[in-house]
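What follows is one structure encoded as structure tokens, with my remarks underneath.
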Amino acid sequence: MIDLKVVMMGLGYIGLPTAALIASRGISVLGIDVNQSVVDTINKGRIHIVEPDLDGLVKHVVERGFLKASTAVEVADVYLIAVPTPFKGNHEPDLKYVESATRMIIPNLKEGNLFIIESTSPVGTTDKMAKIIFEERPALKEKINIAYCPERVLPGKVIYELENNDRVIGGLDEKSTIAAQDFYRHFVKGELHATNARTAEMCKLVENSSRDVSIAFANELSMICDKAGINVWELINLANKHPRVNILQPGTGVGGHCIAVDPWFIVSDFKKEAVLIKNAREINSYKTNWVIEKIKSTALQFELDNKRKPTIALMGLAFKPDIDDLRESPALLVADTLLDDGEFKLHLVEPNLKESTKYNLVAYKNINADIVVYLVDHKQFKAFTTNAIELDFCGVKK
Ligand SMILES: NC(=O)c1ccc[n+]([C@@H]2O[C@H](COP(=O)([O-])OP(=O)(O)OC[C@H]3O[C@@H](n4cnc5c(N)ncnc54)[C@H](O)[C@@H]3O)[C@@H](O)[C@H]2O)c1
């Protein structure tokens, strides 16, 4: 048992596993969420998201009293923020959740506290929140430690990666960086790389932009290859035999909370400079529209050949393989667009989603469609066979 009290703001895909991991080290953690049902679920030792191994860990730490959830912040030693950082309609970052979490913490702050933002944030956010804190509590200036430490876990492997990935830690001053490193050492086995807050903020944005640019290259190739009559999966496999080439896999587009969002945080602040980053974002978005057009033209051809409209099965709605997360999902955009069109009878298949209030889901084994469209490379689809026309946009059949 370690004599430390930690408050985690936001109990979602990042905050809950992090809170549970910290609690598993015998540290008392109070998880805060504005959503009462999230709080109630966790206090029963259950979870509201799909993440392997998380249910057992949460049950364990809640039963032992190391993790509690609440809607009200309490006095603690360390405050962590893992609330959403979406963008607004114009792709400008929306910091309202980080700011509201910061304001909820402020009345509880005391000398010696450590305040850490983990939410993916535009450069300068940590400094902005520090200004808000010191406007309200000027006496705390230089008396608390403030740092930024981004998260880089892979959904589906969160518990392992939280513990084992290296972390980049940037304090607003050196003593804050050291205090944050000391804290993360309690539960992170990976290396803790020290820097300043602005570099740590940019580091997270650059990591995801780098992935976005690389995927855009693969997506652009997939559209070129379609026109050229070349199998893009075979092409990439062959090109990657070169010892210094590593092309990623194309797909329906790029989704999720991170890669499809974070590059905009650079573009919005560096409009003139971030040309490649912006183009990549646009190519990856365009790829989804291209997929929609391909499905429609295949359906039209079917209608011409068979004198009736086809039934189309859309295989996968999540933003990436083997998870239930629908956020910014290109596959979901395909489904929504075709549903809105109302032109075709659709079977929506998402084996990782137990139920959906919005979508009428069909078990993939029960589908009886004329056109089967693979949108997400879920493992269940690999062995699936059909006599229907198949469109594979995610390489599940490669
Ligand atoms: N999901 C990922 O894989 C991932 C990876 C790296 C970084 N991130 C970043 O981590 C941050 C959190 O992402 P997430 O996926 O965990 O989001 P999430 O939507 O799953 O969870 C966020 C939670 O915060 C709660 N919340 C909102 N405002 C609050 C407030 N003022 N106080 C307390 N709780 C509040 C919400 O109710 C929600 O339960 C984001 O900045 C995201 O970009 C996410």
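The values are calculated or read from the model by the stated rules, or taken from the named source; none is laboratory data. On a predicted model such as this, the values are computed, not experimentally measured, just so you know. Counting neighbours? That spans all protein chains shown, and the Cβs are built from the backbone with ideal geometry, glycine included.
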Worksheet item: Which numbered condition trips up ASP322, out of (1) within 16 Å of the ligand (Cβ to nearest atom); (2) surrounded by fewer than 19 Cβ atoms within 10 Å (Cβ to Cβ); (3) at negative phi?
Response: (3)
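Step by step: first the residues of the range 91-136, then only those that are of a type in the set (Phe, Trp, Tyr) and in contact with a strand residue (DSSP E or B) (Cβ under 9 Å, 6 or more places away or on another chain), then the one that is farthest from the ligand (Cβ to nearest atom). Which residue is that?
Among those residues, the one meeting the criterion is PHE115.
Residues of the range 152-173 being under 14 Å from ARG198 (Cβ atoms) and surrounded by fewer than 17 Cβ atoms within 10 Å (Cβ to Cβ), which ones?
Hit for the range 152-173 is ASP173, nothing else.
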Practice prompt. Output the residue which, of all residues in the range 175-207 that are within 16 Å of the ligand (Cβ to nearest atom), touching a helix residue (DSSP H, G or I) at 6+ places or on another chain (Cβ under 9 Å) and not β-branched (Val, Ile, Thr), is nearest to GLU151 (Cα to Cα).
Written response: LYS204
Discussion item. Return the residues of the range 338-366 that are farther than 17 Å from THR311 by Cβ and assigned to a helix (DSSP H, G or I); say none if nothing qualifies.
Written reply: ASP340
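Can you confirm whether the range 301-310 contains a residue that is under 28 Å from GLY156 (Cα atoms) and either touching a strand residue (DSSP E or B) at 6+ places or on another chain (Cβ under 8 Å) or assigned to a helix (DSSP H, G or I) (or both)?
no
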Item to complete: Could you pull out the residue among THR120, THR102, THR126 that is under 21 Å from ILE266 (Cα atoms) and outside any loop (DSSP other than H, G, I, E, B)?
Response: THR126
Worksheet item: Looking at (1) away from the ligand (no atom under 15 Å from the Cβ); (2) assigned to a loop (DSSP other than H, G, I, E, B); (3) crowded, with 20+ Cβ neighbours inside 10 Å, can you tell me which one VAL62 breaks?
Response: (2)
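Would you point out which residue out of ASP182, ASP212 is farther than 27 Å from LEU4 by Cα and either acidic (Asp, Glu) or within 22 Å of the chain's Cα centre (by Cα) (or both)?
Within the list ASP182, ASP212, the selection yields ASP212.
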Worksheet item: Any residue in the range 39-47 that is closer than 22 Å to VAL153 by Cα and touching an Asp or Glu at 6+ places or on another chain (Cβ under 6 Å)?
Response: yes
Item to complete: Taking the options LEU172, LEU154, LEU162, name whichever one is touching a helix residue (DSSP H, G or I) at 6+ places or on another chain (Cβ under 9 Å) and more than 14 Å from the ligand (Cβ to nearest atom).
Response: LEU172
Worksheet item: GLY45: over 28 Å from LYS131 (Cβ atoms), more than 21 Å from the chain's Cα centre (by Cα) and assigned to a helix (DSSP H, G or I), yes or no?
Response: no
Discussion item. Checking the conditions here, which among ASP3, ASP40 is over 19 Å from HIS60 (Cβ atoms), more than 10 Å from the ligand (Cβ to nearest atom) and without any contact (Cβ under 8 Å) to a residue 40 or more places away in the chain?
Written reply: ASP3
Item to complete: Name the single residue, out of those in the range 6-28 being in a strand (DSSP E or B) and more than 11 Å from the ligand (Cβ to nearest atom), that is surrounded by the fewest Cβ atoms within 10 Å (Cβ to Cβ).
Response: SER28
Discussion item. What are the pairs with Cβ atoms under 6 angstrom where one residue, in the range 304-316, is at pLDDT 95 or above and the other, located anywhere, is surrounded by 14 or more Cβ atoms within 10 Å (Cβ to Cβ) and assigned to a helix (DSSP H, G or I)? Sequence gap at least six, or different chains.
Written reply: LYS309/GLU303; PRO310/ALA299; PRO310/PHE302; LEU314/ALA335; MET315/PHE381; GLY316/ALA331
Response to the item:
The correct count of residues that are closer than 23 Å to PRO263 by Cα and not hydroxyl-bearing (Ser, Thr, Tyr) in the range 78-115 is 17
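Restricting the search to the range 347-357, which residues are under 25 Å from the mean Cα position of the chain (by Cα), surrounded by 11 or more Cβ atoms within 10 Å (Cβ to Cβ) and not aliphatic (A, V, I, L, M)?
The initial filter retains those residues of the range 347-357 that are under 25 Å from the mean Cα position of the chain (by Cα), namely 348-357.
Filter once more, keeping what is surrounded by 11 or more Cβ atoms within 10 Å (Cβ to Cβ): 348-353, 356.
Correct list: GLU350, PRO351, ASN352, SER356.
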Worksheet item: Taking into account only those residues within the range 319-331 that are of a type in the set (A, V, I, L, M) and at pLDDT below 95, which is nearest to LEU361 (Cα to Cα)?
Response: LEU326
Worksheet item: Within the range 239-250, is even one residue surrounded by fewer than 19 Cβ atoms within 10 Å (Cβ to Cβ), at negative phi and within 16 Å of the ligand (Cβ to nearest atom)?
Response: no
Response to the item:
The number of residues in the range 222-264 that are within 13 Å of LYS320 (Cβ to Cβ) and small (Gly, Ala, Ser) is 5
Discussion item. Given the criterion within 16 Å of the ligand (Cβ to nearest atom) and polar (S, T, N, Q), identify the matching residue among SER268, SER285, SER297.
Written reply: SER268
